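Worksheet for the structure shown next.
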Amino acid sequence: MQSSQHIPVTVLTGFLGSGKTTLLKRILTEQHGHRIAVIENEFGEEGVDNELLLQDQQEQIVEMNNGCICCTVRGDLVRILNDLQRRRKSGEVQFERVIIETTGLADPGPVAQTFFIDDDIADAYLLDAVITVVDAKHAMTQLDQSKEIREQVAFADRLLLSKVDLIDAEALQALKLRLLRINPRAPISEVHFGQTDIKQILDIRGFNLNAILEIDPQFLETDEHDHDEDVSSFVFRSNKPFDPGKLEDFLSGLIQVYGQDMLRYKGVLYMKGSDRQTVFQGVHQMMGADQGRKWQAGEKPSNKMVFIGRKLPKDLFMKGLQQCLA
């Protein structure tokens, strides 16, 4: 039996570009009084969410890269959770709950398994809920094309709809009905740029093992999980600044040609003539940028852009971005 001594864990999932990091950043910056340890997992050799989350605050984020949290690096998840518990007992760190943000390609099932089939983890942690963020603008197409998002919706204890302002009322209603058909037990609420009541996310005791076993009778037995082999990622890095005009023209051309296959792209950019970072993000044909924090004294400005997509021509992207440097 799990008691109040267990550390509650929230698994934050959702397809690429749904708004998980935006929601997590809001949670970390709100004055809610909770002490939270965050475990970040990103698809590919290197991620940028750590920089995105730490624009304005000093939290420490545990990163897990070069794999999916639900399969190849799940051993790392067990190790990190055990290490956090050891450091907590020794007084080295202080936290009262954990949030795990999965890669957008993760099946939350094997992540949830961890809290039931590993004895040390089960003794220390309580799986509080699986929260799935759904991109209302692109969800219908994503649900048609990706089994990962269907798994994320099916396992959710709460469904949060982002970008609802980008679709009309009829499309929103159709999406909600489709989500209800996949998962009739998960309440659906709308979020705007991560703005939602913290009580809708933490301490909701929403995870029901019996309900999950009805969806997946082999939940506690199987460890299998396949990914779309067409999806891959790559990173562009440079210590030279971008020419803003050249970069905007090049990226605009890219999304016109490859936008449907550009599942997610994001980065922290060094722009000519600016003493601040530029935080850049995009999903399919939707692209935007915001001004970030100032480059710190002693910090070498640089560019790091991550692209995740289906059969994207890496060489074309890399050469084009190289030509956009000042």
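Would you check if residue 255 is outside the structural domain of residue 288 (by TED's automatic domain parsing), at negative phi and modelled with pLDDT of 80 or more? Here the answer is no, as residue 255 does not meet what is asked. Quick one: in the range 125-156, of everything that is farther than 25 Å from residue 263 by Cβ and surrounded by 22 or more Cβ atoms within 10 Å (Cβ to Cβ), which residue is nearest to the chain's Cα centre (by Cα)? Step by step, filter the range 125-156, then rank; the result is 129.
State all residues of the range 13-40 that are of a type in the set (Lys, Arg) and in a helix (DSSP H, G or I); if no residue qualifies, say none. 20, 25, 26 - these are the residues of the range 13-40 that are of a type in the set (Lys, Arg) and in a helix (DSSP H, G or I).
Of the numbered conditions (1) closer than 23 Å to residue 138 by Cβ; (2) surrounded by 13 or more Cβ atoms within 10 Å (Cβ to Cβ), residue 311 fails exactly one; give the number of that condition. Unmet for residue 311, out of (1) closer than 23 Å to residue 138 by Cβ; (2) surrounded by 13 or more Cβ atoms within 10 Å (Cβ to Cβ): (2).
For the range 293-308, the condition holds for no residue, the condition being that it is closer than 22 Å to residue 134 by Cα, without any contact (Cβ under 8 Å) to a residue 60 or more places away in the chain and either crowded, with 21+ Cβ neighbours inside 10 Å or touching a strand residue (DSSP E or B) at 6+ places or on another chain (Cβ under 7 Å) (or both).
Can you confirm whether the range 267-282 contains a residue that is at pLDDT below 80, among the hydroxyl-bearing types (Ser, Thr, Tyr) and out of contact with any His (no Cβ under 8 Å at 6 or more places or on another chain)? There is no residue in the range 267-282 that is at pLDDT below 80, among the hydroxyl-bearing types (Ser, Thr, Tyr) and out of contact with any His (no Cβ under 8 Å at 6 or more places or on another chain). When we screen 267, 292 for residues that are small (Gly, Ala, Ser) and under 19 Å from residue 319 (Cα atoms), the only hit is 267. Scanning the range 187-201 for residues that are surrounded by fewer than 19 Cβ atoms within 10 Å (Cβ to Cβ) and in a loop (DSSP other than H, G, I, E, B) yields a total of 3. Close Cβ contacts (under 6 Å, 6 or more residues apart or on different chains) running from residues in the range 113-141 that are assigned by TED's automatic domain parsing to the domain that holds residue 13 and closer than 17 Å to residue 83 by Cα to residues that are among the polar types (S, T, N, Q) and buried (at least 22 other Cβ atoms within 10 Å of the Cβ) comprise 121/114.
The values are calculated or read from the model by the stated rules, or taken from the named source; none is laboratory data. Model, not experiment: these values are computed from the prediction. Heads up, the Cβs are rebuilt from the backbone with ideal geometry, glycines too, and the neighbour counts pull from every protein chain shown.
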